[in-house]
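Every read-out reported here was derived from the displayed coordinates using simple, explicitly stated rules and does not represent laboratory data. Given the structure is predicted, the values throughout are model-derived calculations rather than measurements. Cβ: placed from backbone, ideal geometry, glycine included. Neighbour counts: every protein chain shown.
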Amino acid sequence: MVKKILLGLVAVVAIVLVLALFQPDSFRVERKALIQAPPEKILPLLTDFKRFGEWSPWEHLDPGMKRSFSPNAAGVGATYAWDGNDKVGAGRMEILSIDAGKVAIKLDFLRPIEGHNTTEHLLKPQGAGTEVTWAIFGPMPFLSKVMSVFVSMDRMIGKDFESGLAKLKAAAEK
């Protein structure tokens, strides 16, 4: 009986590992929202790390989270690091580029799971408003592939992006 259980467990683990091998080598998750504000009003919310608290879905998950900013917390080269509880973990962001329609940020997670990704905010004028696309993309290391057998990155991150875009909309439309 014990032997059958062990063989069953080995089979399940083998199936999960084989399924993980067939997962993509990279991922991309994105969400969009129409904000009734021009890009010029939205851009400062995205390019000044000290304003992230106005719309980030993660900023208020840990009231004791430690934050540190580079001397210039806004613009290309600005950095923001955080260290918090298990809900927010620890990591660092750096603004890589800014132009009228796009903000690119290097995003490095240190814990609970290490990851190195890029986020983008694309701003496309739509009449009197702006369509904002928030995307994250990066490599899928093997551990992430194993996890994606059970839950997709889209399901893990998508709801947070929707919440953040709703908060961004509220902040920009004030």
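Figures for the structure shown
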quantity: Unit charges at the beta carbon, dipole of the chain: most positive-side option, Val132, Phe27, Gly91; calculated: Phe27
quantity: FRET efficiency, His60 to Arg28 (Cβ-Cβ, R0 30 Å, nearest 0.05); calculated: 0.70
quantity: Percentage relative contact order, the chain, counting C-alpha pairs under 8 Å, at least six apart; calculated: 31
quantity: Per residue Cα convex hull volume in Å³ - calculated over the chain; calculated: 127
quantity: Added length on full extension, which subtracts the Cα-Cα distance from 0.36 nm per residue, Asn72 to Lys124; calculated: 16.0 nm
quantity: Net charge dipole size for the chain [Lys, Arg +1 and Asp, Glu -1 on Cβ; Debye, nearest 20]; calculated: 400
quantity: Helix-only CD estimate at 222 nm, as mean residue ellipticity for the chain, using -39500 (n - 2.57) per DSSP H run (n ≥ 4); calculated: -11000 deg cm²/dmol
